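Student: Let me give you the structure first, and then I'll get to my questions.
The values are calculated or read from the model by the stated rules, or taken from the named source; none is laboratory data. Quick caveat: nothing in here was measured; it's all calculated off a predicted structure. FYI the Cβ positions are ideal-geometry reconstructions off the backbone, even for glycines, and counts take in every protein chain you see.
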Amino acid sequence: MLSLAFLIPAKADLFDSSSDEAMPPTQDEAFQFTLDVDTPTVLSARFAVAPGNYLYKDKIKFEIQAESPIQILPYDLPKSKTKDDEIFGPTEVYLHDINISLSLNRSQTEQAITFIAHYQGCSETFNICYPPTKKSVELLLPAYTATNDNSVSTQAKQPLSQQDQLAQSLAQDNLFKVLLSFFGIGILLAFTPCVFPMIPILSSIIVGEGEHITTRRAFTLSLVYVLAMSVTYTVAGLLTGLLGANIQTMLQNPWIIGSFSALFVILSLSMFGLYELQLPQGLQDRLHQISHQQKGGKLAGVALMGLLSGLIVGPCLAPPLAGALIFIGQQGDPILGASALFALSMGMGLPLLVIGTSAGSLLPKAGAWMDSIKAVFGVLMLGLSIWLLERIIPGWMALLLWGSLFIVSAIYLGALNTLTLSSNSYEKLSKGLGIIILIYGALLIVGGASGNQNVWQPLQGITSASIPAGQSQQGAKFKQIANLAELEQAIAQSNQPVMLDLYADWCVECKTMEMTTFHDPAVVATLANLTLLQLDMTDNNDEHKALLKQFGIFGPPTILFFDPQGSEYKQHRLIGTLNASDFNAHITAVLAIEE
């Protein structure tokens, strides 16, 4: 019965000269089997399952020709999915590519073997099943020493990187578990530097409603903003996974960032009551949805702000996002990939929804309190404007802007006001906070004027000048490369492991790593055992895209590691940021491979 089902398409072809698109793939096209020698005692068997097909788990078996003394040790097959098969009933199957690691029991001399793989699968698209088959592969296993085998086998058994684990879970776990996991991870990502700035954006929109805001209205505005942001992340991520290019990076150019920053300045000044956004009718019709509606909190304008926030404010990668993109790119399943991305972005938006809705019940409805609250959010909007400009302006100039903002805010708090005996506790507290902010703002101005770029240590450049040469703490020193050819050349010239850091000025988390982790004394000492390379892909040109495509990555913040022979330690690939202690432990693990 199985054979007859297999022959039906071939017979139908005698009477129908339809296009090749109507023909089912051959068995080799549907299930491409490859076998690689990872180490002298470890083989890697891979089945590439074409879309619309599946393999039976219980039909997969491996053996070595009977006369060979080499034996395959017990092995585990990857997790499968349960399918209600028309022929076999509920059956464990594989719908996507699988990799199987096989350990061998063998002597240490060079040996030739005939490896045989047994398998069977079906096509859902054409509703046919292929007959059971076996593939024979001739291999010449190299000789090895026990010491060499142990070290290499340890490397082969290293766990997958976090993003690869997530990509694998997409292919193996059920839909509910996948969506729940990505939703939970999204909640954690909501407080990262690339998402957290959306909180004051949404809060400012809620405050813009003034005394007319209600809890229901605040919830509606928050939901529209979060949904727009989520759809943006989903569509941008989907296109990135399918096209292999990070769509969000295309919007990280000075003109777009400058325009968005200027919009925040305009909105913030209206929060201080300096003017009302009243324009001539003709111009008002064009800018109504961009500016005036933001102040009034209209739904279309809120959705537009959510869309722009998702594209411009938070373009950084994180392991969960990269895992979903890797899955989409490898498996070509946009529905499952998009669902995971949407669950991730909704998790990121949940804190925004809670904070935005709470504002509708907590904010005072009228009076001087509302003016003070609007002024606070006006300062936050100005801070967001500077935060965006940090991606395109020199660091010292950003310090000058931050210092100016702190000084003006201190004056608003009453830092220069005179207190009297009758002054109340609020006035004293306000003045005290104002003086602290005023002093810090002045330090930022001084630090910026001296060329420093660290907003948390504004006098670092000045104080280091008084320390004897060789004693000041220097950060990790990277050699800059521009393309794949320069990377290969640098690896070839290195006699130690190589670390490649993908950096961009518009990547907030890249700058965080640069100012903190890469300046930690312990990290700097450990990194001395590696060759440090850095690709500045701020411009994201064709050479940068070619390198990203070569390694199957989507942009910064990403760090790759290579052995002296140029092979990447994929299991140690990093996406996102790590604090100094965790990063130092990660580097130590990489170096241990070479020992």
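Student: Report yes if Y56 is among the hydroxyl-bearing types (S, T, Y), surrounded by 13 or more Cβ atoms within 10 Å (Cβ to Cβ) and either touching a residue at least 60 places away in the same chain (Cβ under 8 Å) or under 21 Å from T114 (Cα atoms) (or both), otherwise no.
Tutor: On the way: among the hydroxyl-bearing types (S, T, Y): yes; surrounded by 13 or more Cβ atoms within 10 Å (Cβ to Cβ): yes; either touching a residue at least 60 places away in the same chain (Cβ under 8 Å) or under 21 Å from T114 (Cα atoms) (or both): yes.
Answer is yes for this residue.
Student: I've got another one for you. Only one residue in F47, F115 is farther than 19 Å from P24 by Cα, in contact (Cβ under 8 Å) with a residue 60 or more places away in the chain, assigned to a strand (DSSP E or B) and of a type in the set (F, W, Y). Which one?
Tutor: Values: F47 fails: farther than 19 Å from P24 by Cα.
The conditions single out F115.
Student: Then there's this: Based on what the data block shows, is L35 surrounded by fewer than 19 Cβ atoms within 10 Å (Cβ to Cβ), of a type outside the set (D, E, K, R), farther than 30 Å from F176 by Cβ and modelled with pLDDT of 85 or more? First the steps, then the outcome.
Tutor: Values: surrounded by fewer than 19 Cβ atoms within 10 Å (Cβ to Cβ): yes; of a type outside the set (D, E, K, R): yes; farther than 30 Å from F176 by Cβ: yes; modelled with pLDDT of 85 or more: yes.
Spelling it out, L35 is indeed surrounded by fewer than 19 Cβ atoms within 10 Å (Cβ to Cβ), of a type outside the set (D, E, K, R), farther than 30 Å from F176 by Cβ and modelled with pLDDT of 85 or more.
Student: Say whether the condition of being assigned to a helix (DSSP H, G or I), surrounded by 19 or more Cβ atoms within 10 Å (Cβ to Cβ) and at pLDDT below 70 is met by at least one residue in region 199-209.
Tutor: At the first step, the residues of region 199-209 found to be assigned to a helix (DSSP H, G or I) are 199-207.
With surrounded by 19 or more Cβ atoms within 10 Å (Cβ to Cβ) added as a condition, the list becomes 200-207.
Next cut, at pLDDT below 70 only: 207.
Yes; the residues of region 199-209 include at least one that is assigned to a helix (DSSP H, G or I), surrounded by 19 or more Cβ atoms within 10 Å (Cβ to Cβ) and at pLDDT below 70.
Student: Name the one entry in K511, K549, K545 that is in a helix (DSSP H, G or I) and touching an Asp or Glu at 6+ places or on another chain (Cβ under 9 Å). I'd like the intermediate steps shown before the answer.
Tutor: Numbers: K549 fails: touching an Asp or Glu at 6+ places or on another chain (Cβ under 9 Å); K545 fails: touching an Asp or Glu at 6+ places or on another chain (Cβ under 9 Å).
Matching residue, one of K511, K549, K545: K511.
Student: Any idea which residue in region 99-109 is modelled with the highest pLDDT, counting only those that are more than 16 Å from A45 (Cα to Cα) and not hydroxyl-bearing (S, T, Y)?
Tutor: Within region 99-109, the first condition is being more than 16 Å from A45 (Cα to Cα), and the residues that meet it are 105-109.
Cutting the leftovers down to not hydroxyl-bearing (S, T, Y) gives us 105-106, 108.
On the way: N105: 80, R106: 77, Q108: 70.
Among those residues, the one meeting the criterion is N105.
Student: Kindly evaluate L527 against the criterion of being within 30 Å of W387 (Cα to Cα) and out of contact with any His (no Cβ under 8 Å at 6 or more places or on another chain). Full working, then the answer.
Tutor: Details: within 30 Å of W387 (Cα to Cα): yes; out of contact with any His (no Cβ under 8 Å at 6 or more places or on another chain): yes.
Yes, satisfied.
Student: Sort through G349, G337 and tell me the only one that's within 19 Å of M229 (Cβ to Cβ) and modelled with pLDDT of 75 or more. Talk me through it step by step, then tell me what you get.
Tutor: Values: G337 fails: modelled with pLDDT of 75 or more.
One residue alone meets the criteria, G349.
Student: Could you pull out the residue among F260, F191 that is in a loop (DSSP other than H, G, I, E, B) and at pLDDT 70 or above? Give the steps one after another, and end with the answer.
Tutor: On the way: F260 fails: in a loop (DSSP other than H, G, I, E, B).
Result of the check over F260, F191: F191.
Student: Restricting the search to region 118-132, which residues are touching a strand residue (DSSP E or B) at 6+ places or on another chain (Cβ under 8 Å), surrounded by fewer than 19 Cβ atoms within 10 Å (Cβ to Cβ) and assigned to a loop (DSSP other than H, G, I, E, B)?
Tutor: Listed by number, the residues that qualify are Q120, E124, T125, P132.
Student: Something else now. Taking region 73-98 only, how many residues are in a strand (DSSP E or B) and modelled with pLDDT under 85?
Tutor: The first filter runs over region 73-98 and keeps only residues in a strand (DSSP E or B), leaving 81-85, 89-94, 98.
Keeping just the survivors that are modelled with pLDDT under 85 gives 81-85, 89-90.
Counting residues in region 73-98 that are in a strand (DSSP E or B) and modelled with pLDDT under 85 gives 7.
Student: All but one of (1) over 16 Å from the mean Cα position of the chain (by Cα); (2) assigned to a helix (DSSP H, G or I); (3) modelled with pLDDT of 80 or more hold for Q571; which doesn't?
Tutor: The one condition Q571 does not meet is (3).
Student: Between residues in region 173-194 that are within 26 Å of L308 (Cα to Cα) and polar (S, T, N, Q) and residues that are in a helix (DSSP H, G or I) and at pLDDT below 75, which pairs lie under 6 Å by C-beta distance while being six or more apart or on different chains?
Tutor: none
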